[in-house]
Amino acid sequence: MAQQPLRIGMVGYGFMGRAHSNAYIQVNHFFPSSKYTVVLQAVCARDAAKVRAFAQQWGYASVETDWRKLVERNDIDVVDICVPNNLHRDIAIAAAANGKGVLCEKPLALNAAEAREMVAAVEKAGVPNMVWYNYRRIPAVSLAKRLVDDGRLGRIFHYRAKFLQDWTIKADLPQGGQALWRLDVHAAGSGVSGDLLAHCIDTAIWMNGRIDSVCAMTETFVKERYHNLTGKVEPVGIDDACIFFGRFSNGSLANFESTRYARGHKALYTFEINGENMSLFWDLHDLHRLQVFDYRDEGRIRGWKSVHVTDNSPEHPYMDKWWVPGLAIGYDASFTHQVADFLRGLETGQPASPTFRDALETQLVLDAILESARTQKWVNVPQS
Ligand code: SOE
């Protein structure tokens, strides 16, 4: 197949910068049929020495220290945003105005108002766009989606999700700066709701449809932290934990929880869907397995099955691209799959999801959750 270069200009080089770079490097090896060859054209960050070192380590051809220059370069096709949330909007809008495709880390924006501006910008410019809700592309999660879409569950009653971590329990952990910007409300917009629940909400809407209304509570357990950028002890404005209930448009009930104070849990993202005929359960700590209970199985052998989603067949999403049947793949592959789907979207003209417009739905739910927690009332999620 004729190879057409797709030149990436990435802004940011933290944990997500590495995850994305790895995906760009892997995608043409494991998805060779793509018409596009991904080229690591430029990486941009403020610290010139550090960005040069990153470029050398990952194979980027050039560096920039000002994202405004990057988005104007003629040799960049797609701008990839993996910087703190408060920078997403301006970079995305400028990139779109310069005719670049835009890939953006989650959550799309600080809030729904910003997200709407970003949707308008990419749609007006007519540029390809996508948000990195990567967990959709774990094969076991994609398989769950196929079972739901095939109607195997029947009527759905419950959707339950949790995302539990424990890395911020230490009261003397500072806020602000690299990685710790997630604790700084000005950079992150919110705490676990935008960082963790956003993943759960994205997967839930994708599988089970719109969430109409929510009732939430949040808590900030550590009220003040030293701020790395101001050098002062500052109030903590993020939610350390967030629990919410809700109703989906299909009549099923939502029950979600996330926290960074669940001692012993590092990234325990789980979801369970209970339908009339079938229930599904998935756990990020055991990501290649989908637990399935099918009520229509023969009674004497009916029970929860643990499906090892590693068969080298089209029935197990993406797995025909990897090793031999039975050999597992990991977290990193979800990003590779997302790039592969993005490239296929460019080829077919059927945009890979979630687009900015899809991700706006999650942002609207996030805003409603925070409003509900603030007002201690049920809140209806506005239509996008
Ligand atoms: C940190 O809390 C974090 O890295 C999130 O930012 C990611 O989106 C999540 O996938 C894992 O945890």
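Since every read-out is calculated from the coordinates, none of them should be taken as a lab result. Just so it is clear, the structure is predicted and the values come from calculations on it, not from any experiment. Glycine gets a Cβ as well: all are built from the backbone with ideal geometry, and neighbour counts include every protein chain shown.
Annotations for the structure displayed:
- Mean separation of Cα contacts under 8 Å, 6 or more apart, over the residue count of the chain: relative contact order %: 19
- When you filter the trypsin sites (Lys or Arg not before Pro) in region 18-109 for DSSP loop state and at most 15 other Cβ atoms inside 10 Å of their Cβ, you are left with Lys35, Arg46.
- Under DSSP loop assignment and at most 15 Cβ neighbours within 10 Å, longest chymotrypsin sites (Phe, Trp or Tyr not before Pro)-free interval of the chain: 1-166
- Size descriptor, Kirkwood hydrodynamic radius, that averages inverse alpha-carbon separations across region 243-354, Å: 17.0
- Alpha carbon convex hull of the chain, projected area averaged over orientations, nm²: 19.6
- Scattering curve values for region 69-190, log₁₀ I(q)/I(0), Debye with Cα scatterers, q = 0.19, 0.23 Å⁻¹: -1.06, -1.20
- Cross-link reach list, aspartates and glutamates versus Lys145, counting only Cα pairs under 14 Å and skipping chain neighbours closer than eight places: Asp202, Glu272, Glu315
- Radius of gyration over Kirkwood radius for region 169-217, both on Cα atoms: the Rg/Rh ratio is 1.10.
- Quarter of the Cα convex hull surface for region 270-328, i.e. its orientation-mean projected area (nm²): 4.7
- Low-density loop cleavage sites - trypsin sites (Lys or Arg not before Pro) in region 220-312, where at most 14 other Cβ are within 10 Å (DSSP): Lys223, Lys232, Arg263, Lys266, Arg296, Arg302
- When the Cα convex hull of region 121-191 is projected onto planes of every orientation, the mean area is 8.8 nm².
- The Rg/Rh ratio of region 206-250, with both radii computed over alpha carbons and Rh defined as the Kirkwood radius, is 1.26.
- Fully extended contour minus Cα-Cα distance, from Ala61 to Ser306, at 0.36 nm per residue: 83.7 nm
- The GluC sites (Glu not before Pro) of region 282-384 that DSSP puts in a loop, and whose beta carbon has at most 14 other beta carbons within 10 Å, are Glu298, Glu315.
- Partner lysines for Lys232 [C-alpha distance under 22 Å; skip if fewer than 8 residues away on the same chain]: Lys170, Lys223
- Amide H contacts of Met10 (H built 1.01 Å from N, in plane; Pro and chain starts excluded): Ala42, Val43, Cys44, Asp80 sit under 5 Å, all sequence-distant by 5 or more or on other chains.
- For region 315-384, the spread of Cα positions along each principal axis, largest first, Å: 53, 31, 20
- Shape call, region 1-89: gyration tensor on alpha carbons, a/c limit 1.5: prolate
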